[in-house]
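Below: the structure, in C-alpha cells.
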There are 2 protein chains.
Amino acid sequence: MGRWQPNARGRLEQAALDLYVERGFAQTTVTEIAGRAGLTERTFFRHFADKREVLFSGSAELQELLVAAVNGAPEGAAPIDAVAAGLDAIGDLMQERRPYARRRQSVITANTELRERELIKLATLSAATAEALHRRGVAEPAASLAAEAGIAVFRIAFGRWVGGPDDKELAQLMRESLAELKAVAAGA
Amino acid sequence: MGRWQPNARGRLEQAALDLYVERGFAQTTVTEIAGRAGLTERTFFRHFADKREVLFSGSAELQELLVAAVNGAPEGAAPIDAVAAGLDAIGDLMQERRPYARRRQSVITANTELRERELIKLATLSAATAEALHRRGVAEPAASLAAEAGIAVFRIAFGRWVGGPDDKELAQLMRESLAELKAVAAGA
DNA sequence: ACGGTTGATGGCAGGAGCTGACATCGTCCC
DNA sequence: GGGACGATGTCAGCTCCTGCCATCAACCGT
C-alpha cells in the first residue's frame, strides 16, 4: 500500500463539509479540516485555492454537462431552448444528489463569503453557456442575455427546490420557472 | 477647526481607488491606503468592513434609487416595465459619473475577489427589486424572475457601456438589451 | 466656567488565511 | 541499484481583520 491514504482531496472535502455543518464556516479553521482528514494545513492549500473553494469542486463537472447539453441541442433550436436543454441536464444530475445538495446549500446560505463564491461560480456557468451559444452562431448580446436568463431561472428554481418539499423535481421547477420568465418578459 | 481632517471616509475611498489603479488591488495593503489618507489601518476597518467594501459605498444609494423608481412606476404597469423604469433611473445617475465608473470598473474587472463582491451587490439589488415588486402585488416567482431579468439586462448593458464608445448612453443600451431579452425569451 | 460624556481615532496584541522555500521519503523507471 | 518524481510535511512570514483599552477635542448640562 501507498505511503499516503488515497483520495486526500475527497477526504478534505468531506471533512470540510462536516465541520462547516457542525460548527459553521467561520468557526472552522483550515487546520481543523486538515487534521480531520489526516493531513496538514499546507496540504489543504495545495488542493484548494482557499477555504471556500473546497465546497465548489463540483462546479467544473456541472459546467461541462451544461455546455455539452447546449452543444447537443438541435441545430435549429432557438437559443433559449438550447439553454433549456442545458438546464434539464444539470437538473437531472442534481436530482440524484439532493441530500448532499441540501446539506451543502445550508452551509452556503448561512455565510456571505460562501454566497459570494457561489455567485461567481454561477457567473462562470453563464459565461460558458454564452460562449457555447456563440459557437452555435448566436450573436451578442443575445447569447449573453439568453445565458443570463437561463442562469436566473436556475437560481430561482434551485432555491425553491432546496427549500421545498421532496416530491418537486428540480428539472420540473426549472421548466415552470422558465415558462414564468417568458410570461414576465412578454409583459404579463 | 476640528481635531481631525473632515471626510475621513471619503479620503479613504479616494486613496484606495487611486492605489488600486496604480498598483493593483492585491499589491495594495490596507496600511498603505490608510497612510495615504492620513489615518491608520485600524481606522480604515472602522469605516469599511473589509478591504473590498471601500469600492462599493455607492451601492446603497443605487439601490434606493432603483427601488424608488420601481415604486414610482404606474400602478397598472407590468412588472418588467416597472423594472425598466428602475433601470432608467440608475442609468441616468451612472451616466453622470462615467469617468469614475470606468476607473472603478477597471479595478474590479482585474480582480476576482472584487468581482465576487460586485456580484453579491448586484444580487442584493435584485433582491431589493423583487421585494419592491412584491409590494406592488407581483407574486412569486414572477417578482424574483423579473428582478433577475432586469439585473441581467443591467449587467450586460453596463459591460458594453463601460467598454464601449463614449457616445453610447447607458440608459439607451439598457433599453436595447431589454428589447433583446424580450426577443430571446420569446424564442427568437 | 467646570466637569462629565461622547465620538472619532490611535496603539497594540493576536488569531487565522495564505504563500514561498526547503526537506522528506515512498514509488517508479531505466 | 540509483536517480527522477510527486505528494506531503515543516517553518517562517506577510497581510487581513478583530478586540480591548487609551487619548483627546467637542459638546452639553449645570
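The values are calculated or read from the model by the stated rules, or taken from the named source; none is laboratory data. The shown structure was predicted, so the numbers you read here are calculated from the model rather than taken from an experiment. Heads up, the Cβs are rebuilt from the backbone with ideal geometry, glycines too, and the neighbour counts pull from every protein chain shown. For the accessible areas, the whole protein counts, side chains as well, though only heavy atoms, and no ligand, DNA or RNA atoms are used. Shrake-Rupley method; radii C 1.70, N 1.55, O 1.52, S 1.80 Å.
For this structure, a couple of remarks:
- Counted residues, segment B:36-53 - those being near DNA strand D (Cβ under 9 Å from one of its atoms) and either closer than 20 Å to residue B:123 by Cα or assigned to a loop (DSSP other than H, G, I, E, B) (or both): 6
- Being open to solvent by 70 Å² or more (accessible area, probe 1.4 Å), touching a Lys or Arg at 6+ places or on another chain (Cβ under 9 Å) and assigned to a helix (DSSP H, G or I) is a condition met by no residue of segment A:139-151.
- First in segment A:1-22 and within 15 Å of DNA strand C (Cβ to nearest atom), second anywhere and of a type in the set (Phe, Trp, Tyr), Cβ under 8 Å, 6 or more apart: A:12/A:44; A:12/A:48
- Matching residues in segment B:85-113 - criterion: being in contact (Cβ under 8 Å) with a residue 24 or more places away in the chain and facing chain A (nearest Cβ under 10 Å): B:113
- Condition check for residue B:91: at pLDDT 95 or above, out of contact with any Cys (no Cβ under 8 Å at 6 or more places or on another chain) and under 23 Å from residue B:129 (Cα atoms): yes
- Lone qualifier among A:89, A:60, A:84 - being in a helix (DSSP H, G or I), of a type in the set (Gly, Ala, Ser) and more than 28 Å from residue A:180 (Cα to Cα): A:60
- Subset of segment B:4-31 that is away from chain A (no Cβ under 14 Å) and either within 9 Å of DNA strand D (Cβ to nearest atom) or in contact with an Asp or Glu (Cβ under 7 Å, 6 or more places away or on another chain) (or both) - its residue that is nearest to residue B:107 (Cα to Cα): B:25
- Test set (1) open to solvent by less than 30 Å² (accessible area, probe 1.4 Å); (2) over 24 Å from residue B:84 (Cβ atoms) - residue A:156 fails condition number: (2)
- Residue list for segment B:148-177, restricted to those being touching a Leu at 6+ places or on another chain (Cβ under 8 Å) and at the interface with chain A (Cβ under 9 Å from one of its Cβ atoms): B:149, B:151, B:152, B:153, B:155, B:156, B:157, B:160, B:177
Matching residues to (1) charged (D, E, K, R); (2) open to solvent by less than 80 Å² (accessible area, probe 1.4 Å); (3) at pLDDT 95 or above:
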site	(1), (2), (3)
B:5	no, no, no
B:14	no, no, yes
B:23	yes, no, yes
B:29	no, yes, yes
B:33	no, yes, yes
B:38	no, yes, yes
B:42	yes, no, yes
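- The single condition among (1) open to solvent by 10 Å² or more (accessible area, probe 1.4 Å); (2) assigned to a helix (DSSP H, G or I); (3) of a type in the set (A, V, I, L, M, F, W, C) that residue A:188 does not satisfy is (2).
- Top-ranked residue in segment A:114-138 [being among the hydrophobic types (A, V, I, L, M, F, W, C) and open to solvent by 30 Å² or more (accessible area, probe 1.4 Å); ranked as farthest from the other protein chains (Cβ to nearest Cβ)]: A:127
- Of everything listed in (1) modelled with pLDDT of 95 or more; (2) within 14 Å of another protein chain (Cβ to nearest Cβ); (3) more than 16 Å from DNA strand C (Cβ to nearest atom), the single unmet condition for residue B:76 is (1).
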